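Asker: One structure, as structure tokens, below. Some questions next.
What follows draws every value from the coordinates through simple rules; no lab data is involved. Being a predicted model, the structure only gives us computed values, none of them experimental. Positions of Cβ are backbone-derived with ideal geometry, glycine not excepted, and every protein chain shown enters the neighbour counts.
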Amino acid sequence: MLRQSCRLTRQIPQPPPSILARRINARQVLCRPRFSTQAARRHTEPSRHSRQDAAKQSLLKKMGETAATTFASIFVLALGFAASGYIYHKSYKMLVLKKMTRAFEPGDPVLDMATTAKGVPRKVAPEDEHWVQRPEQARVDRIVDGRESGHYYLLMGEKGTGKSSMLLEAMRKTNGDGVAMFEAHADTEIVRIRLGKALDYEFHEDYIGGYFSERGPRETTALLDIERALNKLEKVAMKMVKQRRKPLVVIVNQLHLLRNTEEGRDLIELFQQRAEQWAAANLVTMVFNTDDYWVYERLKLLATRMEVLAVTDLPKSQAINALRKYRMRYFKEIPNHKELEDVYDRIGGRLSFLNRVAKSRDMIRTCERIKDTEKKWFLNQCWILGSEMDDDVMDQQKWAAAAMVLASALVDKEAEMAKTYDPVVGHLLPTFPFHMAQELMTRADFIRDLDSLNLFSITSQADVRASSVPMHIAFKEICSEPRFRKHLEDTIQRISDIESLGRTRELVAKDLVLGGEYDIETSRKGITVRLKQPEEKDD
């Protein structure tokens, strides 16, 4: 069989290559499987849909992965920012309390400045002590040291009696341990800054969180800032009182510098409310220092734990000893006793005057200068203009005339006193009760302004007198001048005439011709005015 097949293949002639290629192509076309067009489309469409679905699924998957990654990144960042912000906020609060705690450690900026300015060392030996010991110094020492608590205190007295010096001396003895002191001011914003400096509190001005908010914590009033500072102080005091076993001390010096307005009175009330609470809890003892009586009147309204320490001029014996010490300190000399008594008779026991006289070579001449200065100050503020006064200055002259009336009344009362000088106590200045002084002046609102100008003084017992011995001597010189009483009466009469003119209404009658007259009739309904013309006579 194989042989025959081979033979047969040998006998078949081979066609040309081109014809063979055509046959092969034709066979391939004939042998290719034939399917309908519709069936092919049905098989290809599902494959395209599957590829599109797979592409959509992969896109959604990628979007989901991207969104999840983004969300996770944002969440981590937000969590990190929140955690860091929370940690910063807590650490900032802890730092604020720590800084305020350091403010009550030994050493104080006010004490450093005072000792540097006065050349006083922090520790003074008892034999080198040159300070004038006032009777109130021992109690002030106990208050500043924290040994006397349960109250808050108001040091009240005239300018130059040594109130601030006593407080600084008490702080020097304790090296400012547990004490903070600051000066008041007429502007509450400056009070806020000074309180922050004393307590080492920045009022959130260095708080970084304020950069990320529309309104920072500082954008508020001064009273609210002071309230926040006192809240922080309360937290510090509650921690420190457990360690110290005695309260902290906060001194507000020269409280009278606040304006007697609604804002100033609100600030005083804010301080007093805290002082009452802290005194009851033995946390903080607040000490106020003032020269003016209106501060006492404001504190008296709500006072339950307040104690008043009246600081007056030194008595004669202590004033002479103080002058002797001052003279020894500045000139290394001890004047005779008669000269010292002469100085006291002229200026009294005011420490500021004694210090000024002791620094002078000619003490008597300096005493006269002090008296002349006080006299000119009084005349510049309160001199009266007499009967030729213009009506435009009537309001000021009311105030000046009232002051002159009070000054002359004090001089007249001194002449009626049985004793005006005591060999031990010294000067006994004439006084009037506060209500009597208002009656003499015929005004109730002038006396407080005169006290603020240091022309008259209102004591803690509500007695009105001259602000100092040189001022009272100036009163006597003014009232003893010739024609002073007449000049004062003319001024008062002129003021009365101007007021009378202001209350008088002038009616001008017209059309009263040829014997005409007005008929005025008064009844319950009012006043009726009729014009009566004379009867015309026939020619």
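Asker: Tally Lys and Arg at +1 and Asp and Glu at -1 over the other residues with C-beta under 13 Å from the C-beta of H487: what net charge comes out?
Answerer: Details: positive: R483, R485, K486, R494; negative: E388, E481, E489, D490.
Result for the local shell: 0.
Asker: Between the DSSP loop rule and a limit of at most 12 other Cβ atoms within 10 Å, which trypsin sites (Lys or Arg not before Pro) in the stretch 341-378 are left? Kindly include the intermediate steps, with their values, before the conclusion.
Answerer: Numbers: sites: R346, R350, R356, K359, R361, R365, R369, K371, K375, K376; in loops: R350, K359, R361.
The qualifying sites are R361.
Asker: Summing Lys, Arg as +1 and Asp, Glu as -1, what charge do residues with Cβ under 9 Å from the Cβ of R530 carry, R530 excluded? Walk me through the intermediate numbers first.
Answerer: Numbers: positive: K532; negative: D519, E521.
Local net charge: -1.
Asker: Straight distance only, please: which aspartates and glutamates reach the Cα of K98 with their own Cα at less than 18 Å, same-chain residues fewer than 8 apart left out?
Answerer: Within the straight-line cut-off, K98 pairs with D108, D177, D200, E202, E205, D206, E234.
Asker: In whole Å, what is the distance between the alpha-carbon centres of the stretch 76-104 and the stretch 384-424?
Answerer: 63
Asker: Compute the signed sum of charges (Lys and Arg +1, Asp and Glu -1) over the other residues within less than 12 Å, Cβ to Cβ, of V191.
Answerer: -2
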